[in-house]
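The values are calculated or read from the model by the stated rules, or taken from the named source; none is laboratory data. Note that this is a predicted model, so its numbers are computed, not measured. Here the Cβ is made from the backbone with ideal geometry for all residues, glycine too, and neighbour counts use every protein chain on show.
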């Protein structure tokens, strides 16, 4: 062997032995290790002897071993189609751990004949590089995720995130999606606008000064100010601003995060109101923890007890209570802690040692359905209690003092009958003192429940307490006088004891009607009345729709050939329908008055002629009952006065109708007198209307119910004579609406006299306006051909009503199309040119009002649209005309109404064709 070969082999052996990478030789036949250098053995943590004759593939991690790929590459190297195979795999160390390695393999061949000799394998540990790559991948993913989260936070945040340029206008570069919900602007409406664009004008100087000071580092990071919503409303905002600078210290942009704090601002205002109620209340108000320690106390509490706040706070209430009432006070406090509000009377000890009689109200403080404290509201009732104690030992001298009291004082026996009443009580109840003694309390004052319903006459809380010999603490309630007027009282009941026995009770009360809290209660009651009235109006509407079909079909039936019996049946149907319509009109009138929607006319009224018409209306009925019905009218009444003839006639019809109904024999007299006293004004006079009958009469104890809504004095009488119980209630409200008063005088079996007064204005002749009268003959067209060439559309969801209307129009020569809702009506008019549309107001899918608005956009004049509705008020008519309708028919309608519409509009429709 030559020296050069020896040196080369020595050099190779040194390289093989000391190389930093693994070098190994394996059989190209079976793939088993033949020789491995130290670096390879160290890499795998095996000795060379442990690895010799083991398979190459045993050291490769199973998940990275792809046998088909390995065999393919080995075959290619063996057959010289691929000189080398290189891959990255994980290798298994002796301890089971893994390392990443780059594997390079090639076939070493014989230099003479090229036959494969062995497989040479090189392995380099790349675990650190792989770990670094994994870290970079994770960091890149984290960066991408952080960017995505930041974008999601910005877009989904309820706070408004904005980026402004650093120019003088602080131009918007970016705004988040919250801009739409907070300010009503789309993003493109804001970007590019100056920063002051959405700031409330009065707050712009505040924001400008804040930005300038903050850039100098002189202002806090937060600012509260107002923004202007797109709809013009104000939004309170809290903004934090961050400033972004470049490497040279130049301001690049400003990032502002703004939160809507409108709700919290409103809460602060509410808290201010609460503090005012707490601090400025003249009563003593304190808050206590669950142990009875005072946490807060107002000035009223200081004045009541004589203690300063420092002396009151953080101490139990025990030292303020008279020891004799301490157990009672603790009991009521513990009940309040359980969540039950308490009202009771105890004695407090003033700082000067004097006992003060007080009324205490304890209210639980509840947060998140848990009692966390107690409010105590204390009022000084020393004077009131002294009055009650003096009344218990009533004497002549004390009675003199009692008569001078402003509070009403009533003495009651054990049956609830009055045995004493001071002048104040008589004045409040509107009775003479001599009329009160011996009368039951329920005849003088009727106590009402909170729902506005009277208590049963013998079961009011006051009478129950009197019978049981117990008192009632100071409280409030609504009472009604016999004349129908109501008043709110604050009252207290104390039993009268004599040698341990209860002899009766003393009721002390005062009228609280003028107190502001009572006014609010009255407003709430009026709101309930309006809701009731709206319900009655809706009920009237729902009944009118089927009634329209019944009466309309009955009228059509009358126009056919009928025998006498059938004609009689049809007449009964019409009469019954008219009676039901009268009742519905009463309900509608009542609901309009209750809702404050009744308007009065100021037109000339001929009193004598109007009264004659009323008498004529009931003359036949009175004659059938052999009742004498006549009237007397003062000669001093002017020929005409200014007023609402319809409403005055309605009142008289109700009164005379009742008189005829409840009078079986005798006579009924209606009279009208006039008073020209100067107290009514130079051009005014007071008319007094009286209706006197000889009927069954009305018990005095029930007369106060006459003018109450839906009130009927005796169910048996009502079943006999009928009626809704609304007539007198409506009459009373109409009289009061016209500034008058109404009343009754009656006794059982002696008949009744109803009277009402009205102050009216004389009708001055020089103010008369000429009245143009057009006769029906001038308006009527030929009935059979009235609508023969008119294209008519009926929009009505009730099949009976649409069929009824179609039949009526057919008799006038009309041919109709029918649709069931407003949407179909709009669609039909887009296809066919109709001349006249009868449009129901309430329909499914689209109502008549909305449909008319759509039609008028493309058909401004023709077709003529006539509303058909069961709502018959003036406001309903105005709403229909306002939306573009030209006429109005209320249900139930008659063929005369259809004729009127045709006579009014057919000439107009035909004239439009000519033009």
Taking region 284-294 and keeping only residues that are surrounded by fewer than 17 Cβ atoms within 10 Å (Cβ to Cβ) and more than 16 Å from residue 366 (Cα to Cα), one is left with 293
Members of region 862-913 found to be under 14 Å from residue 809 (Cα atoms), in contact with a strand residue (DSSP E or B) (Cβ under 8 Å, 6 or more places away or on another chain), modelled with pLDDT under 85 and part of a helix (DSSP H, G or I), listed by number: 897
Tell me, please, whether a residue that is in a helix (DSSP H, G or I) and either over 19 Å from residue 296 (Cα atoms) or out of contact with any helix residue (DSSP H, G or I) (no Cβ under 6 Å at 6 or more places or on another chain) (or both) can be found in region 336-357. yes
Which one is surrounded by the fewest Cβ atoms within 10 Å (Cβ to Cβ), of the residues in region 800-830 that are out of contact with any helix residue (DSSP H, G or I) (no Cβ under 9 Å at 6 or more places or on another chain) and modelled with pLDDT under 90? 810
Pairs, please: C-beta under 8 Å, at least 6 apart or cross-chain, first residue free of Cβ contacts under 8 Å to residues at least 40 places away in the same chain and in region 403-415, second assigned to a loop (DSSP other than H, G, I, E, B)? 403/422; 405/422
Quick check: anything in region 7-22 surrounded by 11 or more Cβ atoms within 10 Å (Cβ to Cβ), closer than 18 Å to residue 104 by Cβ, at pLDDT 85 or above and touching a helix residue (DSSP H, G or I) at 6+ places or on another chain (Cβ under 7 Å)? yes
Pairs, please: C-beta under 8 Å, at least 6 apart or cross-chain, first residue in a strand (DSSP E or B) and in region 205-222, second surrounded by 11 or more Cβ atoms within 10 Å (Cβ to Cβ) and modelled with pLDDT of 75 or more? 222/238; 222/239; 222/240
Out of 237, 219, which single residue is surrounded by 15 or more Cβ atoms within 10 Å (Cβ to Cβ) and modelled with pLDDT under 80? 219
Restricting attention to region 298-338, and to residues there that are at pLDDT below 90 and closer than 22 Å to residue 475 by Cβ, which single residue is nearest to the chain's Cα centre (by Cα)? 300
Against the condition surrounded by 15 or more Cβ atoms within 10 Å (Cβ to Cβ), assigned by TED's automatic domain parsing to the domain that holds residue 241 and within 34 Å of the chain's Cα centre (by Cα), how does residue 211 come out, does it pass? no
In region 240-260, residue nearest to the chain's Cα centre (by Cα) [restricted to those that are surrounded by fewer than 16 Cβ atoms within 10 Å (Cβ to Cβ) and closer than 13 Å to residue 159 by Cα]: 240
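Quick check on residue 223: is it in contact with a helix residue (DSSP H, G or I) (Cβ under 8 Å, 6 or more places away or on another chain) and farther than 17 Å from residue 171 by Cα? Walk me through how you get there before you give the answer.
Values: in contact with a helix residue (DSSP H, G or I) (Cβ under 8 Å, 6 or more places away or on another chain): yes; farther than 17 Å from residue 171 by Cα: yes.
So residue 223 fits the description; yes.
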For residues in region 377-406 being at pLDDT 75 or above and in a helix (DSSP H, G or I), which is surrounded by the fewest Cβ atoms within 10 Å (Cβ to Cβ)? 383
Scope region 649-676; condition surrounded by fewer than 17 Cβ atoms within 10 Å (Cβ to Cβ), out of contact with any strand residue (DSSP E or B) (no Cβ under 7 Å at 6 or more places or on another chain) and either outside the structural domain of residue 626 (by TED's automatic domain parsing) or under 25 Å from residue 600 (Cα atoms) (or both); matching residues: 649, 653
Please specify each residue of region 295-312 satisfying the condition of being surrounded by 15 or more Cβ atoms within 10 Å (Cβ to Cβ) and part of a loop (DSSP other than H, G, I, E, B). 298, 306, 307
Looking at region 159-189, which of its residues are in a helix (DSSP H, G or I), surrounded by fewer than 19 Cβ atoms within 10 Å (Cβ to Cβ) and touching a helix residue (DSSP H, G or I) at 6+ places or on another chain (Cβ under 9 Å)? 180, 187, 189
Determine if region 92-99 includes at least one residue that is in a strand (DSSP E or B), modelled with pLDDT of 85 or more and in contact with a helix residue (DSSP H, G or I) (Cβ under 8 Å, 6 or more places away or on another chain). yes
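In the list 790, 794, 771, which residue meets the criterion of being under 50 Å from the mean Cα position of the chain (by Cα), farther than 16 Å from residue 904 by Cα and at pLDDT 65 or above?
794
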Given (1) under 24 Å from residue 266 (Cα atoms); (2) not in a loop (DSSP other than H, G, I, E, B), where does residue 232 come up short, assuming only one miss? (2)
